[in-house]
C-alpha cells in the first residue's frame, strides 16, 4: 500500500511541474495563463512564445507522462496501480500544486503515459494526428481523431481485453473533464482580452 501511495504522490508531483509556465517566464517574462488561449500547455506556448518553445514544452509534458509510467513500474506496482499513477500525473498537470490548480489540459501528458504502456499505439495515433492536421489545419479535429483512436488501437491492434479498452477510454475522458472545468476561465479571459 505504501508503494501505491508513494507512486501516486510522486506522479502527481511530476505532473505538477508547469513546464509551459516556466518556459514562458524564462523566455518572455510573461504569465502564460493570461495570454493567448489562457491554457498552461504546449499549444499555447507554440502560439504565444514560438514553435520551438512549444515543441519543447510538448516534449517535456510527454516526458512527465512517461515518468509516471516508469515510477509505477520501478515500484513494482500492478497494472491497475500503474494506471492510477497515470491518472495522478494527468491530475497534477491539470491541477498543479505550484500554480494553485491552474494547469493545462493534459493531452501530451496522457499520451506520454500511454506511450510507456503501449508505444506502438501512440506512434500510430501520432501519425493519425499528423495525417488529419496537414490537410485540415484543424488542431482540435486532429487531436480528437488521434486521441479517439487510442482505445480502438489498444483493443484491436494490440489485442487487449475489453476491460483495458474501458480503462483507456476512462483515462482519456479525464481530459474532457478538465476542458469542462476550464470553460469559466476561458470565458473570463475572452472578456478581458476582447478575443
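We did not get these values from a lab; they are worked out from the coordinates using the rules stated. What you are looking at is a predicted structure, and each value in this text was computed from that prediction instead of being measured. Because the Cβ atoms are built from the backbone with ideal geometry, glycine has one as well, and the counts that use them run over all protein chains shown.
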(request) Would you work out the relative contact order for segment 2-193, in percent, from Cα pairs under 8 angstrom that are 6 or more residues apart? (result) 21
(message) Please list log₁₀ I(q)/I(0) at q = 0.13 Å⁻¹ for the chain, using the Debye equation with identical point scatterers on the alpha-carbon positions.
(response) -0.68
(request) Tell me what the chain gives for mean residue ellipticity at 222 nm when only DSSP H runs of n ≥ 4 count, each as -39,500 (n - 2.57), the sum divided by the residue total, rounded to 500 deg cm²/dmol. (result) -25000 deg cm²/dmol
(message) Between segment 71-93 and segment 4-23, what is the separation of their alpha carbon centroids in Å?
(response) 11
(request) Based on other C-beta atoms within 10 Å, arrange 62, 89, 132 from fewest to most. (result) 132, 62, 89
